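The values are calculated or read from the model by the stated rules, or taken from the named source; none is laboratory data. As the structure is a computational prediction, the values presented were derived from the model and not from experiment. Cβ atoms come from the backbone with ideal geometry, glycine included; neighbour counts cover every protein chain shown. Note: areas computed on protein heavy atoms with side chains; ligands, DNA, RNA excluded. Shrake-Rupley method; radii C 1.70, N 1.55, O 1.52, S 1.80 Å.
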Amino acid sequence: VQLQASGGGTVQTGGSLTLSCTASGSLNFMGWYRQAPGKERELVAGISRGGRTSYADSVKGRFTISGDNAKNTVYLQMNSLKSEDTAVYYCNGILYGSIEYWGQGTQVTVSS
């Protein structure tokens, strides 16, 4: 399975961006991780095929993940962006168990 991510860019503090990730096959879970310079990769948000969502505490109330099962696509709507949201964002997909896939990273830069 291949994951194709898009939607990164540069935005001012308080602005919004939407990331998209499309998988070449159906997966049971898809999510977004991010990695800032000098920091470990962290899970930002995830969604199961059944629609159950989870969020990192740092993005709750600001980010919304949604999915379109027919298109094998997930979206991450990011609002009220802060400088600390600056990172490379990676799409992740899990078929089951330890079988997971990664998309290429997309840079999100929030400038003041």
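Miscellaneous remarks
- Ala45 being in contact with a helix residue (DSSP H, G or I) (Cβ under 7 Å, 6 or more places away or on another chain), of a type in the set (A, V, I, L, M), open to solvent by less than 60 Å² (accessible area, probe 1.4 Å) and at pLDDT 95 or above: yes
- Residues of segment 64-104 satisfying the condition of being among the small types (Gly, Ala, Ser) and at pLDDT 95 or above: Ser66, Gly67, Ala70, Ser80, Ser83, Ala87, Gly93, Gly103
- At least 3 residues being open to solvent by less than 60 Å² (accessible area, probe 1.4 Å) is the threshold, and among the strands (runs of 3 or more DSSP E) wholly inside segment 59-112 those reaching it are 63-68, 73-78, 87-96, 106-111.
- The residue that is surrounded by the fewest Cβ atoms within 10 Å (Cβ to Cβ), among those in segment 12-42 that are farther than 17 Å from Glu100 by Cβ, under 12 Å from the mean Cα position of the chain (by Cα) and among the hydrophobic types (A, V, I, L, M, F, W, C), is Leu17.
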